[in-house]
Amino acid sequence: MRGARQVKTFGRIHLTASGFAALPLLIVAAVVAALFVFPWLVASPYLLHLMILLFLSVAMGESWNVIGGYCGQYSVGHAAYFGVGAYAALMLLQYKHIAPWWGVWVAIAAALIISLLIGTICFRLRGPYFVLASIAVAEIIRLVVLNWKQLTNGAEGILLVDIPPLMLGGRLVTDWLSKTPFYYLGLILALATLLVNYLVQHSKLGYYLQAIREDQDAAHSLGINLSFYKNVALAISALLTALSGVFYGLYIGFIDPASVLGVDLSVQMVLICIIGGIGTNFGPVVGALVLVPLSEALRANLLSKFLFSIGVVQETSRVGGFLKENLAHAHVLIYGILVVVVILFMPDGVLGFGKKLIARRARPLSATPTPLVGGLDGST
Amino acid sequence: MRVLLQSTASGILIGGVYALVGIGLTIIYGVMRVINFAHGELLMIGMYLTWIIFTSFGVDPFLSIAITIPAMFLFGAFLQRVLINRVLNALPQNQILLTIGLGLVLSNVVMLIYTSDYKIITTRYSSSTINLAGLPISTPLAISLLITTVITAILYFFLLKTDTGQAIRATAQDRDAAQLMGINVKRMSVLAFGIGTALAGTAGALVSPTYYIFPQVGGAFTLKAFVIVVLGGMGSVIGATLGGIIIGVTESLAAVYVSSGMKEVFVYVLFLLVLLFKPAGLLGRSRM
Amino acid sequence: MRSTAEIARCARSASLSVAALAASLAFPGWVAAETLKIGVINSVTGPEAPIGENLTNGIKLAEEDLAKSGTKVELVWEDDTGKPQIAMSAMEKLATRDGVAGVVGPYTSASANAVAKLAQRYQVPLLVPAAAKEEITRQGYQWVYRLNAPANVYAQVLLDAVTEVGKPKTIAFIYENTDFGTSTADAGKKYAEKKGIKIVADEPYSKGSPDYRSTLTKVKSLNPELVFMVSYVVDAILLMRQAREVGLKPQAFLGGGAGFTTAQFASDKAISGNVLTSTQWADDVKWPGASDFAKRYLSKFGKEPTYHAACAYASMMIMADTAAKQGGDRKKIRNALASGSWKGIMGDVKFEAYDGYTNQNKHPMLVLQIQNGNFAAVYPPDFATKKPVYPFPGW
């Protein structure tokens, strides 16, 4: 029984990865394999595009999770790392013709430097003050990038001309002209962030972070160097977020301060994590699965078309017209509603809620109280 | 010299509006310890309400605050009972997220109803000026500063001299002690949020003749409101007033002497400096 | 009882249809409809929506006229919400999924520039109706065509108009910190220098600010003889209101298109009087059908059209007509656009290569002045209907 297994592994948390029985592992492996084969079976650029967006959202959510979910420091200014990463790589590519596989290192370095700076300034602040400071820093960076026209082309943004073909040992790997290389790059990025999350969670670092999250002062009194570990978490998170930014810049081919440094992007990263389930390994995946198809379905009017086709609403009626015009832009509204619902009724996110449902059915007598944020009992 | 005087004057005028927004936020934080990220959206709702009244009934924006204040108060009380109350004891991070979500819902509902088209209110005096010692002062902003002063004075009087006001202050000072003293802290929270919302909505109404109205207008004001509140000291009404004026003047001078595009950077840098070196703000008590 | 052969045939056709269904999901272009499709990318929602509405309505009038003349086209509308990334997704969808013969749009400079690159990559003819950014047709893209005059002409025609009636020596630039604002202002600065007018102030502002008074006070203290502004509608109104407040009084206010050409701006008589603005079109110009178009637009939509409506109308007429004549073949349409010439409400249209531009229509721009809440064409002399009021008589 699932419940019995959970109790057993709790005591052996160092030996077996918690909750990692064979079946879930096989399922994960099968899904990953299927994802790898996907572009061979499906050629529709639109579907590939959706999957790429999904991978990007997963990567962004997982990156934020390291600092926000495990460490409990809610940064709502993560767009700073995303945008700095994107701008560094794209500026080098566009103006100095440095290929992105070298440029990405500069992007990472830039993001790390900024994260150290932000960490030193902001980590003295607690809770809500940290949130505010993180937003302020991200806004400062956005305004500087916007106004420093000679460096960044300001409001006009950077419209990528071409990515140089990737050659390995004299053979052409890809010329970046189709979606497939981006698909694989995105998939690898998403998997990498998942892996990093897993490693952090199941390492000593993860314990320190969660201790800091649960009670900073207690952790401090136990001898945990708060500022060191918070900065480590932020550095990891910044690095991954910057990679996502570079990927975004290369894939979309156009960046400007509003699209990669805006507060709404930062909020979106937090939302992906919160809605899915904060402080869990797969939470952001669930969050991305909820948000990406939803926003695309709304944007492309699929939902309205569906309602019209099943005859619930007439396309030419007033309601129909209203839906057609406006539902496309309702996805942010739905995010907002989801956040409110999740915070009020499902603080562990959709993933946590789902697990509670399953656990409640498998183990009717719940002995462990469910904490408000994440789970220190080793459940992912 | 003229430029300095002129921009300081504009800074003070716009600072008055910021102050009103800040006061609302500081009351909410003081009493409930809730960081309200939807505050800018409450201002936006006040703006739209003013616009509706103006276009449907032709009532002047300044006169219509007689309707806006009670309407926004009721709206705020409603929000508090239904949503905010549930997270009073939750982690601050969750409170922040809830109010962020609330803000998104408010701005997007308005966007669905009214589209993102920018709306602009034009009154007879929208671009007229009063001459004060040779400086042209925007008439609508001058009137709004006047009204802000009156409202602040009334609020201050309310908090200091009336029983309910003192009960609110007691709750802000020490929630548990106040409850032990027989104060209905739940009701105080509702009142505080209602007052905060009413002030935000009023600020929106006051600034509407000189600005334009669109669903996302709240965003810019929310962050500034936090800067003001932190600068003035969380929970201090006078602090928020001072903070508002300081921010308004900083912005104005930065626009003239540095560049219009970078003026917000100065506000945010000031914010970070305050957070780092004097987090209690000018007049507040350290509550971190 | 079915014979084995029949069963085999059934099975084959069943599997063929399943395969076709699967293929159509994977390759939607294969099962494309027979009708001629033309894509439209526009800012239907978002901050540019008020002007975007003009393009939508202009294209709707074009749809009517095309139907009347028997040209069968199906329009595929896409909303870019004013963001270039979304315009790019829309273009991808139009080019690869909807299989359109050509695309008209987008509206904003930033979106048009981003989409131009994709049009070139996917080899879809793109006709840009109203975007100003010069770069759009300066990249040698053979698949991108532009109907309207680019940003440098906005500035050129305005400065030419004022230097005709006066001798201004200094100019201040106030513009929004966006792609459109920056590129138009840059064009203006270059031309001002060429004409020997000294630039005394360069003030980009962040859109959405409530208070421009300090910037305007600063500009006023520098005493510019000309003030050149580039804004969309609401900023235009706010800037002028606050300019009046601080008492900024140059010899002329020059509005670089967009916000300054809308009826909403003009109708605010307290602040719009005597503002000069450059435009791609006016309803009292002697181009065939121009005034009829304006009357039709007013009666159908209840508002006066801006130049964007006329540009969009003409672009759609040209694209649809060409596409229909070339049977929807993208390459043939491209060639027809490159070699053709048209005459309509936008005057003569011919896409040429000159001065580093490719496929650019040499469209002459007009200078309008708002006199008493109405637009009057004052320059160039061929198109002028009234004399310009210069210098600015004050508030």
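The values are calculated or read from the model by the stated rules, or taken from the named source; none is laboratory data. In this text, all values refer to a predicted model and were calculated from it rather than measured experimentally. As a convention, Cβ positions derive from the backbone with ideal geometry for all residues, glycine included, and neighbour counts pool all protein chains shown.
Sort out which residues of region A:1-37 are crowded, with 16+ Cβ neighbours inside 10 Å and either assigned to a helix (DSSP H, G or I) or at pLDDT 80 or above (or both), and write them in order of number.
Hits for region A:1-37 are A:G3, A:Q6, A:T9, A:L35.
Please determine, by comparing only the residues of region C:91-107 that are in contact with a Ser or Thr (Cβ under 9 Å, 6 or more places away or on another chain) and within 10 Å of chain A (Cβ to nearest Cβ), which one is modelled with the lowest pLDDT.
Only one residue fits best here, namely C:R97.
Among (1) over 19 Å from B:Y18 (Cα atoms); (2) in a loop (DSSP other than H, G, I, E, B), where does B:P70 come up short?
Of the numbered conditions (1) over 19 Å from B:Y18 (Cα atoms); (2) in a loop (DSSP other than H, G, I, E, B), the odd one out for B:P70 is (2).
Would you mind telling me which numbered condition in (1) surrounded by 19 or more Cβ atoms within 10 Å (Cβ to Cβ); (2) modelled with pLDDT under 80; (3) not polar (S, T, N, Q) A:G287 fails?
Failing condition for A:G287: (2).
Which one of these is surrounded by fewer than 17 Cβ atoms within 10 Å (Cβ to Cβ), at pLDDT below 90, within 22 Å of C:K387 (Cα to Cα) and not β-branched (V, I, T): C:A270, C:A266?
It is C:A270.
Within the set of pairs 6 or more residues apart or between chains, which connect a residue that is without any contact (Cβ under 8 Å) to a residue 40 or more places away in the chain and at the interface with another protein chain (Cβ under 9 Å from one of its Cβ atoms) inside region C:208-234 to a residue that is assigned to a loop (DSSP other than H, G, I, E, B) and of a type in the set (A, V, I, L, M, F, W, C) with Cβ atoms less than 8 Å apart?
C:K220/C:L248
What is the residue count in region B:250-282 for residues that are facing chain C (nearest Cβ under 10 Å) and part of a helix (DSSP H, G or I)?
12
Residues that are surrounded by 19 or more Cβ atoms within 10 Å (Cβ to Cβ), modelled with pLDDT of 90 or more and farther than 15 Å from C:L147 by Cβ: does region C:295-313 have at least one?
Yes, some residue in region C:295-313 is surrounded by 19 or more Cβ atoms within 10 Å (Cβ to Cβ), modelled with pLDDT of 90 or more and farther than 15 Å from C:L147 by Cβ.
Residues of region B:95-110 being surrounded by 21 or more Cβ atoms within 10 Å (Cβ to Cβ) and within 7 Å of chain A (Cβ to nearest Cβ), which ones?
Scanning region B:95-110 gives B:I96, B:L97, B:L98, B:I100, B:G101, B:L102, B:L104, B:V105, B:N108.
So that you can scan it fast, the table gives a plain yes or no per residue for (1) surrounded by 14 or more Cβ atoms within 10 Å (Cβ to Cβ); (2) of a type outside the set (V, I, T); (3) within 23 Å of the chain's Cα centre (by Cα):
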site: B:T115; (1), (2), (3): yes, no, no
site: B:Y118; (1), (2), (3): yes, yes, yes
site: B:I121; (1), (2), (3): yes, no, yes
site: B:N131; (1), (2), (3): no, yes, no
site: B:G134; (1), (2), (3): no, yes, no
site: B:T139; (1), (2), (3): yes, no, yes
site: B:A142; (1), (2), (3): yes, yes, yes
site: B:I151; (1), (2), (3): yes, no, yes
site: B:F157; (1), (2), (3): no, yes, yes
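For A:F247, state whether it is surrounded by fewer than 21 Cβ atoms within 10 Å (Cβ to Cβ) and aromatic (F, W, Y). It would help to see each step written out before you state the result.
On the way: surrounded by fewer than 21 Cβ atoms within 10 Å (Cβ to Cβ): no; aromatic (F, W, Y): yes.
In short, no.
Looking only at region A:263-280, how many residues end up being of a type in the set (V, I, T) and touching a Pro at 6+ places or on another chain (Cβ under 8 Å)?
Count: 1.
Return the total of residues in region A:105-127 being touching a Leu at 6+ places or on another chain (Cβ under 9 Å), in a helix (DSSP H, G or I) and touching a residue at least 60 places away in the same chain (Cβ under 8 Å). Walk me through how you get there before you give the answer.
Looking only at region A:105-127, we keep the residues that are touching a Leu at 6+ places or on another chain (Cβ under 9 Å), and these are A:106-108, A:111-112, A:115-116, A:118-119, A:121-125, A:127.
Then drop every residue that is not in a helix (DSSP H, G or I), which leaves A:106-108, A:111-112, A:115-116, A:118-119, A:121-122, A:127.
In the following step, the residues that additionally are touching a residue at least 60 places away in the same chain (Cβ under 8 Å) were identified as A:107-108, A:111-112, A:115-116, A:118-119.
Summing the residues that are touching a Leu at 6+ places or on another chain (Cβ under 9 Å), in a helix (DSSP H, G or I) and touching a residue at least 60 places away in the same chain (Cβ under 8 Å) in region A:105-127 gives 8.
Go through (1) more than 16 Å from B:A220 (Cβ to Cβ); (2) among the acidic types (D, E); (3) in a helix (DSSP H, G or I) and name the single condition B:D60 misses.
Against the list (1) more than 16 Å from B:A220 (Cβ to Cβ); (2) among the acidic types (D, E); (3) in a helix (DSSP H, G or I), B:D60 comes up short only on (3).
I'd like the residue in region B:45-84 that is surrounded by 15 or more Cβ atoms within 10 Å (Cβ to Cβ) and of a type in the set (G, A, S) and, out of all such residues, is farthest from B:S126 (Cα to Cα).
So, considering only residues that are surrounded by 15 or more Cβ atoms within 10 Å (Cβ to Cβ) and of a type in the set (G, A, S), the one farthest from B:S126 (Cα to Cα) is B:A77.
Considering each residue of region A:114-138, count those that are facing chain B (nearest Cβ under 7 Å), aliphatic (A, V, I, L, M) and surrounded by fewer than 19 Cβ atoms within 10 Å (Cβ to Cβ), and give that number.
1
So, restricting to helices (runs of 4 or more DSSP H) that lie completely within region A:133-250, which ones have at least 1 residues that are under 17 Å from the mean Cα position of the chain (by Cα) and farther than 24 Å from A:I113 by Cα?
Output list reads A:180-201.
Look at C:A110 and say whether it is surrounded by 24 or more Cβ atoms within 10 Å (Cβ to Cβ), within 14 Å of chain A (Cβ to nearest Cβ) and either modelled with pLDDT of 90 or more or touching a His at 6+ places or on another chain (Cβ under 6 Å) (or both).
Spelling it out, it is not the case that C:A110 is surrounded by 24 or more Cβ atoms within 10 Å (Cβ to Cβ), within 14 Å of chain A (Cβ to nearest Cβ) and either modelled with pLDDT of 90 or more or touching a His at 6+ places or on another chain (Cβ under 6 Å) (or both).
Checking C:Y175 against (1) more than 14 Å from chain B (Cβ to nearest Cβ); (2) within 16 Å of C:G256 (Cβ to Cβ); (3) not charged (D, E, K, R), which test does it fail?
Condition not satisfied by C:Y175: (1).
What's the number of the condition C:E225 fails, among (1) charged (D, E, K, R); (2) buried (at least 24 other Cβ atoms within 10 Å of the Cβ); (3) at pLDDT 85 or above?
Condition (2) is where C:E225 drops out.
Is there any pair linking a residue in region A:139-160 that is away from chain B (no Cβ under 13 Å) to one that is surrounded by fewer than 21 Cβ atoms within 10 Å (Cβ to Cβ), with Cβ under 6 Å and at least six apart or on different chains, and which?
Cβ pairs passing all conditions: A:I158/A:Q94.
Give region B:161-176 a look and list any residue that's exposed (fewer than 14 other Cβ atoms within 10 Å of the Cβ) and at pLDDT 90 or above, or say none.
In the first step, residues of region B:161-176 are kept if they are exposed (fewer than 14 other Cβ atoms within 10 Å of the Cβ); the result is B:161-164, B:173-174, B:176.
B:K161, B:T162, B:D163, B:T164 - these are the residues of region B:161-176 that are exposed (fewer than 14 other Cβ atoms within 10 Å of the Cβ) and at pLDDT 90 or above.
Residue-wise test of (1) part of a helix (DSSP H, G or I); (2) at positive phi; (3) within 14 Å of another protein chain (Cβ to nearest Cβ).
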{"residue": "B:I183", "(1), (2), (3)": "no, no, no"}
{"residue": "B:V190", "(1), (2), (3)": "yes, no, no"}
{"residue": "B:G218", "(1), (2), (3)": "yes, no, yes"}
{"residue": "B:M234", "(1), (2), (3)": "no, no, yes"}
{"residue": "B:A240", "(1), (2), (3)": "yes, no, no"}
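Need the failing condition index for C:L66 against (1) aliphatic (A, V, I, L, M); (2) closer than 19 Å to A:I158 by Cα; (3) more than 14 Å from the chain's Cα centre (by Cα), just the number.
(2)
Which one is surrounded by the most Cβ atoms within 10 Å (Cβ to Cβ) among residues in region C:228-262 that are part of a helix (DSSP H, G or I) and within 17 Å of the chain's Cα centre (by Cα)?
C:A258
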